[in-house]
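The values are calculated or read from the model by the stated rules, or taken from the named source; none is laboratory data. Keep in mind the model is a prediction, meaning the values are calculated, not measured. No Cβ is skipped: glycine too gets one built from the backbone with ideal geometry, and neighbour counts run over all protein chains shown.
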Amino acid sequence: MESKSTLTMRLGLAIIALLGTMAAVSLLYVPYDVNEMNIAGRLQSPGALHWFGTDNFGRDIFSRVMEASKTAFLVGAVAVTIGLVAGFIIGATAGYLGGWTDEVLMRMIDALLAFPGILLALILVTVFEPNLFQTMIAIGVLSVPNFARVIRSGFFQYKEAEFVVAARGLGASHATVILRHVMPHIVSPIIVAASLSFSTAILVEAALSYLGLGVQPPDPSWGRMLSESQSYIGKAPWFALAPGVFIALTVLGFNLLGDGLRDLRDKKT
Amino acid sequence: MYWARKSFTLLLTLAFVLLLTFFAFRIIPGNPASAILGMEASQEQISELEQKLGIEGPLHLQFFRWAGGVIQLDFGHSIRFSEPVLSLIASRLPVTLSLAAMSLAITLLVALPLGIAAARARGRFADLFISLTSQLGLAIPSFWMGIVLILVFGLTLKWFTVSTFVPWSENAWLALKSLTLPAIALAVPQIAIVVRYLRTTMLEQMNEDYVRTAKSKGLSNANVYYKHVLRNALIPVVTVVGINFGEILAGSLVIEGVFTLPGMGRLLMTAIGNRDYPLVQGMVLLIAFTVIIINFVVDLSYRWLDPKIRLK
């Protein structure tokens with residue numbers, strides 16, 4: 001069974017590497033200008049010139065999908081970082097101090113969890129204007145509870161451990177204990193949480209942009225491409241296919257990576 | 001003691017949700033009334049709307065006035081529709097609730113047999129196939145699934161008419177038909193979650209002593225699986241289904257857009273588009289409260305279902 005988890009993890013990594021490379025290449029090169037319209041060549045089916053066909057303005061779908069992968073990875077990375085930093089502060093405080101602080105902080109996290117994923121993001125984009133930056137913050141906020149819980153339970157588990165008591169006894173400060181002694185033990189659950197949060201971030205960004213409340217033009221987004229494609233679904237099904245496949249692939253990659261890592265860790269303990 | 005603690009936790013969480021929902025709509029840069037009315041508005045118009053929105057006076061008084069209303073089920077008035085928020089929501093609720101209920105039913109109908117099959121075929125081809133398919137199910141965004149379903153079953157095979165919702169009161173069969181595709185789209189990721197979870201809990205149960213005992217006293221495999229293992233494995237699954245009801249509810253907000261269903265999701269989008277803050281606030285609060293209360297009930301049912309926890 002060991003090989004199965006390794007395989008899952010490697011498959012996930014391979015998918016992420018492939019899509020990550022595509023996103024990186026799109027920074028330097030895309031086959032066509034993503035905003036170049038060509039009314040005569042609209043809704044062309046996939047072929048040698050346009051691998052994924054063209055959209056309702058005659059824009060090259062492959063180039064647009066490439067550009068949008070950059071947006072997806074950017075949103076994912078920034079959102080996960082926000083979630084991790086805020087989740088660490090809350091989770092570490094609650095887990096290390098325990099007692100009333102823990103009770104209050106965790107009820108706040110519960111309250112945050114009561115808003116199903118996309119709803120929380122919707123509130124934030126209603127309050128502010130929807131754009132790339134707000135989308136990243138909104139998705140970051142909704143990944144906080146996950147990190148906070150994982151980190152808190154890690155601290156709970158290790159704060160009474162002999163090596164922690166020993167380090168405190170030898171006069172190490174709270175900061176040293178947290179960073180040097182507790183953290184190394186909870187890095188792997190954090191990586192698992194980060195991987196799974198990344199895939200959630202991709203899905204929420206796609207849904208928000210599909211609703212027109214996420215990434216705004218001219219920033220390309222898979223979700224918005226899908227909403228644009230819907231009116232042409234009968235005439236040009238490929239238009240709706242490419243962005244959807246890329247969302248699913250990216251999410252699949254991060255889920256496989258997270259699952260594989262978790263299974264490997266569970267076996268060790 | 002258990003009850004007191006549980007109820008206290010519930011109340012504290014509800015209070016935080018109330019605070020969060022209130023203040024989320026107060027961090028709006030500038031004055032919400034002038035944000036709604038635009039640059040041209042006169043001072044009188046602004047103060048009139050401020051009063052309507054309940055945003056005049058000190059912040060803490062505003063909060064207590066609003067929270068007091070909520071406790072008496074008064075969520076304020078919609079700006080756009082000049083109707084009480086609650087009656088607007090009530091008029092849209094049947095569509096969203098029936099969509100959520102249908103997709104929950106589909107989830108259970110499909111996921112339970114698949115989860116059991118995967119656990120029983122552990123390590124064999126069927127297990128691998130179900131595991132892979134559920135990974136895909138988790139990765140596919142439900143709104144894209146909806147678009148694909150429209151393409152395949154609506155436009156190509158013409159089994160369903162899309163984008164025409166018929167109310168239950170008019171024709172129950174057509175209403176059921178118009179909700180089927182969106183309910184399936186919504187159910188796919190949920191099926192994947194439940195299958196994976198049920199498979200794990202069943203495999204855990206199979207290692208228990210009672211399974212060996214049951215087998216050694218000569219019970220058939222099917223008997224052991226369905227009478228003993230499944231009953232124990234289902235208990236944690238109840239929690240997952242409860243927790244995911246919120247996700248189904250949130251997912252239906254998006255799916256209603258794909259299938260142009262006149263439910264809460266459409267109402268929420270209209271409200272957001274019009275910056276109808278009382279309406280958005282009311283809907284968000286109601287959904288969050290529903291999620292918390294469902295989780296609370298699930299938590300209690302867990303104790304009721306599992307005598308081991310009850311007796312501790």
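Could you list, ordered by first residue, the pairs with Cβ atoms under 8 Å in which the first is in the range A:192-215 and at the interface with chain B (Cβ under 10 Å from one of its Cβ atoms) and the second is among the charged types (D, E, K, R) and part of a helix (DSSP H, G or I), at least 6 apart or interchain?
A:Tyr210/A:Arg224; A:Gly212/A:Arg224
Does A:Leu43 fit the bill of being more than 17 Å from the chain's Cα centre (by Cα), at positive phi and surrounded by 14 or more Cβ atoms within 10 Å (Cβ to Cβ)?
On the way: more than 17 Å from the chain's Cα centre (by Cα): yes; at positive phi: yes; surrounded by 14 or more Cβ atoms within 10 Å (Cβ to Cβ): yes.
When the stated conditions are applied, A:Leu43 passes them.
Which residues, taken from the range A:235-262, are facing another protein chain (nearest Cβ under 7 Å) and either in contact with a Ser or Thr (Cβ under 8 Å, 6 or more places away or on another chain) or under 11 Å from A:Gly12 (Cβ atoms) (or both)? Please lay out each step first, then the result.
Step one: of the range A:235-262, the residues facing another protein chain (nearest Cβ under 7 Å) are A:237, A:240, A:244, A:247-248, A:251-252, A:255-256.
Of everything in the range A:235-262, those that are facing another protein chain (nearest Cβ under 7 Å) and either in contact with a Ser or Thr (Cβ under 8 Å, 6 or more places away or on another chain) or under 11 Å from A:Gly12 (Cβ atoms) (or both) turn out to be A:Ala240, A:Val251, A:Leu252, A:Asn255, A:Leu256.
Does B:Tyr277 fit the bill of being touching a helix residue (DSSP H, G or I) at 6+ places or on another chain (Cβ under 7 Å), touching a residue at least 12 places away in the same chain (Cβ under 8 Å), of a type in the set (Phe, Trp, Tyr) and surrounded by fewer than 20 Cβ atoms within 10 Å (Cβ to Cβ)?
Numbers: touching a helix residue (DSSP H, G or I) at 6+ places or on another chain (Cβ under 7 Å): yes; touching a residue at least 12 places away in the same chain (Cβ under 8 Å): yes; of a type in the set (Phe, Trp, Tyr): yes; surrounded by fewer than 20 Cβ atoms within 10 Å (Cβ to Cβ): no.
No: the conditions fail for B:Tyr277.
Residues to consider are B:Thr180, B:Thr260; find the one that is outside any helix (DSSP H, G or I), hydroxyl-bearing (Ser, Thr, Tyr) and either touching a residue at least 24 places away in the same chain (Cβ under 8 Å) or surrounded by 17 or more Cβ atoms within 10 Å (Cβ to Cβ) (or both).
Details: B:Thr180 fails: outside any helix (DSSP H, G or I).
So the residue among B:Thr180, B:Thr260 that is outside any helix (DSSP H, G or I), hydroxyl-bearing (Ser, Thr, Tyr) and either touching a residue at least 24 places away in the same chain (Cβ under 8 Å) or surrounded by 17 or more Cβ atoms within 10 Å (Cβ to Cβ) (or both) is B:Thr260.
Quick one: A:Leu179 ticks every box in (1) free of Cβ contacts under 8 Å to residues at least 12 places away in the same chain; (2) in a loop (DSSP other than H, G, I, E, B) except a single one, so which number is it?
(2)
In the range B:62-104, which residues are in contact with a His (Cβ under 9 Å, 6 or more places away or on another chain) and crowded, with 16+ Cβ neighbours inside 10 Å?
Just the residues of the range B:62-104 that are in contact with a His (Cβ under 9 Å, 6 or more places away or on another chain), to begin with: B:83-85.
Correct list: B:Pro84, B:Val85.
With the requirement that a residue be charged (D, E, K, R) and farther than 21 Å from B:Leu267 by Cβ, what does the range B:90-128 give you?
Kept after step one, since they are charged (D, E, K, R), are these residues of the range B:90-128: B:92, B:120, B:122, B:124, B:127.
Residues satisfying the conditions are B:Arg120, B:Arg122, B:Arg124, B:Asp127.
Do we have any residue at all in the range B:20-34 that's at pLDDT below 80, surrounded by fewer than 17 Cβ atoms within 10 Å (Cβ to Cβ) and assigned to a helix (DSSP H, G or I)?
Scanning the range B:20-34 turns up at least one residue that is at pLDDT below 80, surrounded by fewer than 17 Cβ atoms within 10 Å (Cβ to Cβ) and assigned to a helix (DSSP H, G or I).
Filter the range B:153-186 for residues that are closer than 23 Å to A:Lys235 by Cα and either outside the structural domain of B:Leu99 (by TED's automatic domain parsing) or not aliphatic (A, V, I, L, M) (or both) and give the result.
From the range B:153-186, those closer than 23 Å to A:Lys235 by Cα are B:153-164, B:178, B:181-182, B:185; that's our starting set.
Within the range B:153-186, B:Phe153, B:Gly154, B:Thr156, B:Lys158, B:Trp159, B:Phe160, B:Thr161, B:Ser163, B:Thr164, B:Ser178, B:Pro182 qualify.
Residue by residue, here is whether (1) over 19 Å from A:Met225 (Cα atoms); (2) free of Cβ contacts under 8 Å to residues at least 60 places away in the same chain holds:
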| position | (1), (2) |
| --- | --- |
| A:Val65 | no, no |
| A:Thr71 | no, no |
| A:Val78 | yes, no |
| A:Ile82 | yes, no |
| A:Val85 | yes, yes |
| A:Thr93 | yes, yes |
| A:Thr135 | no, no |
